[in-house]
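So the structure is just underneath, and the comments pick up after that.
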Amino acid sequence: MTFILSFIIAFGVAAIAGQILVPMLRKLKVGQSILEEGPAWHMSKQGTPTMGGLMFIIAIGVAVLASGWDVLKAGNRTHLYVFLFALVFGAIGFIDDFQKLRHHANEGLTAPQKFLLQLAAAILFTVILRRVGYLTPDLYIPFFNVEIKGVPWVIYMIFAAFVMVGTVNAVNLTDGIDGLATGVTIPVALFYMGVAAWYGRNDVAVVAAALAGGLSAFLLYNFHPAKVFMGDTGSLFLGGMVCGLAFALNIPLIIPVVGFIYVLEVLSDIIQVVYFKKTGGKRFFRMAPLHHHLELGGWSETKLFCVFSGITLVLSIIAFLGVMDQFPV
């Protein structure tokens, strides 16, 4: 049960790191800038320390190295590849956060810059996994227990890049109110941990468990009212973990199920933009993404956290039933 140790290590390191990092970020005045067009009551969050995602990134790294050491000595590096893949996205988020803080604004890297960096990371991860033999061009279809064999690599890589970049940005959009992205991603991490353990993939289980443990500790600081925000540093890292774990387990098509909330957030944003342009300035939602629409409709941040996290937990259980037959015990 190495993955249990991984959870405990990540939780402990993140909880301790928070005691050091949060006061340090306050001292450095690493404060979040709040969009003026957002809910008026969000302005009270102006200056709340951001880039807090560093605490669970560090914790996950420590847990993956410590609990995955035996796996590494056996020659299996999947857990390192998944973590490093997510770390690249975290680095992109760090650059974005740094630019925002430098210019004292809510805009960092431009959309094309972020897209190109994320696309490069996605392609690189896919190529590396293919070269080391951890990824095949076979596409498993959950719930039907069917695998499409020999998808042409070019098509598979286009598919993989689309899923990875889309997932990363969807998780990033979900990080809009206290604890939301954290609370939604914990059940997703537990899902991956359960699937990896069921498949006998201890290499992947230690990463998923570390993700769950690190986020559980981060929630101590990020739950409403948040003492710290994860920033793009944290949210892009989380997106990388969500899709990296899926590809490592060869179940990328399960992401829309466990990540249903992520999908809703993205769709609401797309619908809002398209509707706005087509109608000459009218809004389909009160505000996008979806959590802001519900918030302006009277939902509290705590209610949003509980409902969205609860939905994800239920869907994660259903998703497990949909993939458990791929490698039956």
Legend entry - Gained length - I16 relative to R283, 0.36 nm times residue gap less alpha-carbon distance: 91.7 nm
Legend entry - Residue order for S316, S300 - accessible surface, 1.4 angstrom probe, largest first: S300, S316
Inset, instruction - Take the Cα atoms of the chain, build their convex hull, and give its volume per residue in Å³. - result: 132 Å³
Inset, instruction - Any chance you could check the Cα centroid distance between region 140-186 and region 1-30 for me, in angstrom? - result: 27 Å
Legend entry - Set of aspartates and glutamates near K73 by C-alpha distance (under 14 Å), chain-local residues within fewer than 8 positions excluded: D203
Inset, instruction - Return the carbon/sulfur percentage of the accessible area of region 47-151, one whole number, probe 1.4 Å, all protein chains in place. - result: 67 percent
Inset, instruction - Using the structure shown, select from K27/K100; K282/K303; K29/K100 the pairs with a Cα to Cα distance greater than 21 angstrom. - result: K282/K303
Inset, instruction - Relative to the longest principal axis of the C-alpha atoms of the chain, give the angle of the C-alpha long axis of helix 78-103, reported between 0 and 90° and rounded to the nearest 10°. - result: 20 degrees
Inset, instruction - Using only Cα atoms, find the angle between the long axis of helix 260-278 and the longest principal axis of the chain, and express it within 0 to 90 degrees, rounded to the nearest 10. - result: 50 degrees
Inset, instruction - Name the long-range amide H neighbours of I251: under 5 Å, sequence gap of 5 or more, or other chain; modelled H, no Pro or chain starts. - result: none
Legend entry - Accessible area in the full protein assembly, largest first, 1.4 Å probe, for H291, H224: H224, H291
Legend entry - Stretchable slack from F276 to V132, in nm (0.36 nm times residue separation minus alpha-carbon distance): 47.2 nm
Inset, instruction - Please work out the C-alpha center-to-center distance from region 211-262 to region 283-317 and express it in whole Å. - result: 16 Å
Inset, instruction - Hey, can you grab everything whose amide H is under 5 Å from the amide H of I141? Only 5+ residues off in sequence or another chain; H modelled, so Pro and N-termini drop out. - result: V146, E147, I148
Legend entry - Stretch gain in nm, segment K29-L321, where the contour uses 0.36 nm per residue and the Cα spacing is subtracted: 100.5 nm
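The values are calculated or read from the model by the stated rules, or taken from the named source; none is laboratory data. These numbers come from a predicted model, not from an experiment. Note: accessible area is taken over every heavy atom of the protein model, side chains too, but ligands, DNA and RNA are not part of it. Shrake-Rupley method; radii C 1.70, N 1.55, O 1.52, S 1.80 Å.
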